[in-house]
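J.: First, the structure itself, so that you have it in front of you.
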Amino acid sequence: MSTNQATAGASAPDAKPATKPGGPSRIPAPRVLPEAMPFWEAAKDGRLLVKRCEDCGETHYYPRDICPHCMSASTEWLESKGLGMVYSFSTMGKEEARYTLAYVSLDEGVTMLTNLVDCDAAALSIGQRVKVVFKPSEGGYPVPMFAPA
Ligand SMILES: [Zn+2]
């Protein structure tokens, strides 16, 4: 619980948009809910976790204490291999400010709203295999994004 500042998100007086070429120009610190803390702690080690229900067996994302499929409170953490495929994507902005939002379906059965990075946006396609990469955020936990596998 030492990094609880990530929840607050406050104390960031810098409002200047710093643009860096190649990828999302700014990655704001993620808002970390207590029930998702293990997810973000694992992200620091480059590991991607999803939740699986011990009652119905379904996986879900974003991580919650209560299974969204059957409302069971018996959920466990499952380490994802970090591999999946592009379900849909949309590239926005131009030049250095260009970034690509995507839904990525993990092999473990969950779909994440994320960014596609480290790639040529023009060469992306639906169904393409991707793997997770963790990108540093501004003063918070690393954020899982995806690059061509
Ligand atoms: Zn369930």
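Quick note: the coordinates plus some simple rules give every number you see, no bench work behind them. Just so we're clear, the structure is a prediction, and the values are computed from it rather than from any experiment. Positions of Cβ are generated from backbone atoms using ideal geometry, with glycine treated the same way; all protein chains shown enter the neighbour counts.
J.: If we sort 117-123, 107-113, 76-82 on the protection proxy, mean other Cβ atoms within 10 Å, highest first, what's the order?
T.: Ranked from most to least packed, the peptides come out as 107-113, 76-82, 117-123.
J.: Any idea what diffusion coefficient the range 30-148 gets from Stokes-Einstein, in µm²/s, Kirkwood Rh on alpha carbon pairs, 20 °C, 1.002 mPa s?
T.: For these conditions, the coefficient is 143 µm²/s.
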